[in-house]
Amino acid sequence: MRTQREKIFNIPLVVVALVLLLIGIHGLRQLLPAERDVEILANLAFVPGRFTYAFDPDRITAALDAAGAMSNSQVELDRLFLGDGQPLWWTPVTYALLHASWAHVGLNCLWLVPFGAAVARRFGNVRFLLFCVATAIAGALAHFVTHIDDLQPVIGASAIVSGTMGAALRFVFQPGAPLGESLGFGDQEHLSYRRPALPLGAVFTNRTAVVFLIVWFIANFLFGIGAGPLGFTDATIAWQAHIGGFLLGLFGFPLFDPPPSDVESPPLAHVD
């Protein structure tokens, strides 16, 4: 009798599709002329000051004047991303599809595969995609309230990745739901990700969950100050967006969690 080979990865197709989309978009941007790529950034990246300009133009004018005192080139960039001053309402979502470098998109995909797999299995495809949209918006909102007059574009799927980590925290640490087996690796029939979710209060009394929380916030802080020197990106890290996505995943988890009888495992992509 032939022994069936054990699959190394059992990743939900919706996660595979999202990873391929992020990589494909970044690869396509590398093929475009620089002027066209800047145009894409101007139309799809999230620019906090552009939304502020809609209700407080004087504040943004003052920010432009302050930037002009330091650098004329900075003013030109700010005016480019300000555009006509009208909010681009799709950008609190589309910014998550763009990345600054291969290292940036690679790191996000590396974390999205395990945590996204756990959450996609729990939520199902449609709820998972809605969750991704919600965490992207939460990340953009968190960045907006802390950079209300900033005209620097924000890009990257880190808020979504952080959101999956926050959501996973609610159901992968309780008894019978070992972390390693619930994050996309091992037997696809394992039901650890279907266990009843931890109540929010129990998250803060579960030792493993608390350790995860502390490590996540420390790692987020260290990455925020060290990504540039380490060569991941030349841009400033929007760590507030990470926190916004994470908090949405942690506190907004019940909004997307289906009833136990409705939890179904989405189709899987098998990788040998």
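Please treat every number below as a calculation from the coordinates, not as lab data. All figures in this text were calculated on a predicted structure; none of them were measured in a lab. For neighbour counting, all protein chains shown are included, and Cβ atoms are generated from backbone atoms with ideal geometry for every residue, glycine included.
Key figures for this structure:
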{"item": "Amide hydrogen neighbours beyond the local backbone of F46, cut-off 5 Å, H modeled", "result": "Y95, V154"}
{"item": "Cα shape, the range 29-70, gyration tensor, a/c 1.5 rule", "result": "oblate"}
{"item": "Cβ-derived FRET efficiency at R0 30 Å, F221 paired with V126, nearest 0.05", "result": "0.30"}
{"item": "Diffusion coefficient, µm² s⁻¹, Stokes-Einstein with Kirkwood Rh over alpha-carbon pairs of the range 1-145 at 25 °C and 0.890 mPa s", "result": "139"}
{"item": "Rough spin-label spacing in nm, given labels placed 7 Å along Cα→Cβ, for I214 and L32", "result": "4.5"}
{"item": "Largest-first principal axis extents of the Cα set of the range 7-49 (Å)", "result": "44, 27, 11"}
{"item": "FRET efficiency estimate (nearest 0.05) - Cβ-Cβ, Q86 to V145, R0 25 angstrom", "result": "0.75"}
